[in-house]
Amino acid sequence: MSDERGTVKVINGKYKPSGKFHFINPSTPIRDEHGTFLGVTNPRDIVHIHSYGSEAPFFEGLGQGKLLGTRCDNSDCPAQGSVFVPFRIHCPDCLKKNTIVDITEIAKTTAHVHTFMITERTGAFNTLPKPIRFVNVEFEGVCTILMGNLAVGKPNMGMKVVPIFQTANPSYTILDLAWVPVGTDEAELPEGFTFG
């Protein structure tokens, strides 16, 4: 095994990892305010291989400036024509595989804040600037609501928003998508983000 950071390729449908995926760092002592030794930190750097499976087009699309959803096209399903964002592989009503649809233009013209929450406290590994303005975004013709973050401005219920995309250096995660109020100037967007 080499000393370089691990990478993964898929060959004949099988994941083929190569390189190092686990890095051990030195332990450091943990002491109380009197200097009494109580334990050690045990830092490890582990590379996690995360397969998106059938959701891969959604995350790849974000880095390309596209918001993809899925639609049930089963004529025998009472939910035929239902569009889902976040991306759903199978229709929750008939369990048939959904069709991928591009809803970028729908989002750019009909998206609005359904509800929102502003928080100063975040989970571990958060990379969003605080305060984080979480918004639940609703779209015309879409039966689900998508959670995201408002990158510019202060949220209001009913506020019209448009998607922005991290296209310069995509992470291939949901962090490649954010929202801004309609009318936001491109110069106000976070670094690397565009209107798609």
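What do you reckon, is Ala111 touching a residue at least 60 places away in the same chain (Cβ under 8 Å) and within 15 Å of Gly69 (Cα to Cα)? Show your work before the answer.
Values: touching a residue at least 60 places away in the same chain (Cβ under 8 Å): yes; within 15 Å of Gly69 (Cα to Cα): yes.
Yes.
Consider Phe84 carefully, then state whether it is aromatic (Phe, Trp, Tyr), free of Cβ contacts under 8 Å to residues at least 24 places away in the same chain and surrounded by 14 or more Cβ atoms within 10 Å (Cβ to Cβ).
So Phe84 fails the test.
Within the stretch 170-191, track down each residue that is in contact with an Asp or Glu (Cβ under 9 Å, 6 or more places away or on another chain) and either in a loop (DSSP other than H, G, I, E, B) or without any contact (Cβ under 8 Å) to a residue 24 or more places away in the chain (or both).
Pro170, Tyr172, listed by residue number.
Determine whether the stretch 164-186 contains at least one residue that is under 27 Å from Gly81 (Cβ atoms), under 18 Å from the mean Cα position of the chain (by Cα) and not hydrophobic (A, V, I, L, M, F, W, C).
No; the residues of the stretch 164-186 include none that is under 27 Å from Gly81 (Cβ atoms), under 18 Å from the mean Cα position of the chain (by Cα) and not hydrophobic (A, V, I, L, M, F, W, C).
Assess whether Ala79 counts as being farther than 17 Å from Phe58 by Cβ and at pLDDT 95 or above.
Criteria met by Ala79.
Can you tell me which of Lys160, Lys130 is touching a residue at least 12 places away in the same chain (Cβ under 8 Å), of a type in the set (Lys, Arg) and over 22 Å from Tyr52 (Cα atoms)? Full working, then the answer.
Numbers: Lys130 fails: touching a residue at least 12 places away in the same chain (Cβ under 8 Å).
Sole residue among the options that is touching a residue at least 12 places away in the same chain (Cβ under 8 Å), of a type in the set (Lys, Arg) and over 22 Å from Tyr52 (Cα atoms): Lys160.
Would you check if there is a residue in the stretch 113-127 being crowded, with 20+ Cβ neighbours inside 10 Å and not aliphatic (A, V, I, L, M)?
So far as the stretch 113-127 goes, no, none of its residues is crowded, with 20+ Cβ neighbours inside 10 Å and not aliphatic (A, V, I, L, M).
So, in the stretch 87-108, exactly how many residues are without any contact (Cβ under 8 Å) to a residue 24 or more places away in the chain and polar (S, T, N, Q)?
Residues in the stretch 87-108 being without any contact (Cβ under 8 Å) to a residue 24 or more places away in the chain and polar (S, T, N, Q): 0 in total.
Residues that are under 19 Å from Pro190 (Cβ atoms), at least 2 per element: which strands (runs of 3 or more DSSP E) completely within the stretch 60-166 meet that? Outline the logic, then answer.
On the way: elements: 68-71, 99-102, 112-119, 132-138, 146-149, 161-166.
In the stretch 60-166, 112-119, 132-138, 146-149, 161-166 are the strands (runs of 3 or more DSSP E) which contain 2 or more residues that are under 19 Å from Pro190 (Cβ atoms).
Taking the condition of being under 17 Å from Tyr172 (Cβ atoms), of a type in the set (S, T, N, Q) and part of a loop (DSSP other than H, G, I, E, B), how many residues in the stretch 1-53 meet it?
1
Look at Ile49 and say whether it is β-branched (Val, Ile, Thr) and more than 22 Å from the chain's Cα centre (by Cα).
no
Out of (1) modelled with pLDDT of 95 or more; (2) in contact with a helix residue (DSSP H, G or I) (Cβ under 9 Å, 6 or more places away or on another chain), what's the single condition that is false for Thr109?
Against the list (1) modelled with pLDDT of 95 or more; (2) in contact with a helix residue (DSSP H, G or I) (Cβ under 9 Å, 6 or more places away or on another chain), Thr109 comes up short only on (2).
For residues that are of a type in the set (Phe, Trp, Tyr) and surrounded by 15 or more Cβ atoms within 10 Å (Cβ to Cβ), tally how many sit in the stretch 34-71.
Taking the stretch 34-71 and keeping what is of a type in the set (Phe, Trp, Tyr), we get 37, 52, 58-59.
If we keep only those that are surrounded by 15 or more Cβ atoms within 10 Å (Cβ to Cβ) too, we end up with 58-59.
Number satisfying all stated conditions: 2.
Which one is farthest from His48 (Cα to Cα), of the residues in the stretch 1-15 that are at pLDDT 85 or above and surrounded by 10 or more Cβ atoms within 10 Å (Cβ to Cβ)?
By that ranking, first place goes to Tyr15.
The values are calculated or read from the model by the stated rules, or taken from the named source; none is laboratory data. As the structure is a prediction and not an experimental result, all values here were calculated from the model. Positions of Cβ are backbone-derived with ideal geometry, glycine not excepted, and every protein chain shown enters the neighbour counts.
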